[in-house]
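Note sheet for the following structure.
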Amino acid sequence: MRRSETILPNMKKLLKPINDNILIKRLQPIREGLIVIPDKTFQRSFYGIILDVGHKVKDKTLRKDIIIFVTPTAKDNKLLHDNVWLVKEKDIIAVRYQGVVRPFGNRVFLKRLNQETMVNGIVIPDCHESADQSLEGIFILCGVKDNQIITVPFDPGVTVKVQKWDMSTVEIDVDGEYYLSVKQSLLEYVKHD
């Protein structure tokens, strides 16, 4: 067996991703006794560990044994076998980089201003905010690309206005904290109090 090939458990097949495909083992978060009613505006991501990458994967951050977070509804995601997935580089929204989960590429993490509330273990989205208020978030962290942290002209903790929420906005669970992974190009301005 060549070093770059991956043998799937309980299978005698060797898999080597090609082009911009990435082979990952999906890691399941444990959720016991909790009913979640998600806000339909956002998608929730799943995460896994990279087993191998194709030869056309461009970003140097993506390599074997790195944990990544993936858009859950991307049409190119394919379940191959028992939580082993083939995903595209373009569908990665966050990576664990130097021990910290960071947005991938030109994305930022925002914390929603209108937080969901929990009643008896049921998460209920806060829907009474005006449309304009719901387009604001607290800037938390900027992204990483090609092993470099991308800089932005403002500090963590400031309130930013988002142009619109679209299907590229994905909610991500990082150790029990929920963040929105938003394209940097959707940020309009920093709001000073």
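The values are calculated or read from the model by the stated rules, or taken from the named source; none is laboratory data. These figures come from a predicted structure and were not determined experimentally. Don't worry about glycine lacking a Cβ; one is built from the backbone with ideal geometry, like all the others, and counts go over all protein chains shown.
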Exercise. Would you mention how many residues in segment 88-142 are at pLDDT 90 or above and among the small types (Gly, Ala, Ser)?
Key: 3
Quiz item: What are the residue pairs meeting all of these: first residue in segment 140-158, first residue within 25 Å of Ile66 (Cα to Cα), second residue small (Gly, Ala, Ser) and surrounded by 12 or more Cβ atoms within 10 Å (Cβ to Cβ), Cβ atoms under 6 Å, and 6 or more apart or on different chains?
Solution: Gly143/Gly105; Lys145/Gly105; Ile150/Gly143
Quiz item: Counting only residues that are outside any strand (DSSP E or B), surrounded by 11 or more Cβ atoms within 10 Å (Cβ to Cβ) and among the small types (Gly, Ala, Ser), which one in segment 7-61 is modelled with the highest pLDDT?
Solution: Gly54
Quiz item: If Lys90 satisfies every condition in (1) part of a loop (DSSP other than H, G, I, E, B); (2) under 17 Å from Asn19 (Cα atoms) but one, which is the exception?
Solution: (1)
Exercise. Would you please list the contacts, defined by Cβ atoms under 7 Å and residues six or more apart or on different chains, that run from a residue in segment 52-65 that is within 19 Å of Gln98 (Cα to Cα) to a residue that is buried (at least 17 other Cβ atoms within 10 Å of the Cβ) and of a type in the set (Asp, Glu)?
Key: Asp59/Glu89; Leu62/Glu89; Lys64/Asp52
Quiz item: Within segment 168-184, how many residues are of a type in the set (Val, Ile, Thr) and assigned to a loop (DSSP other than H, G, I, E, B)?
Solution: 1
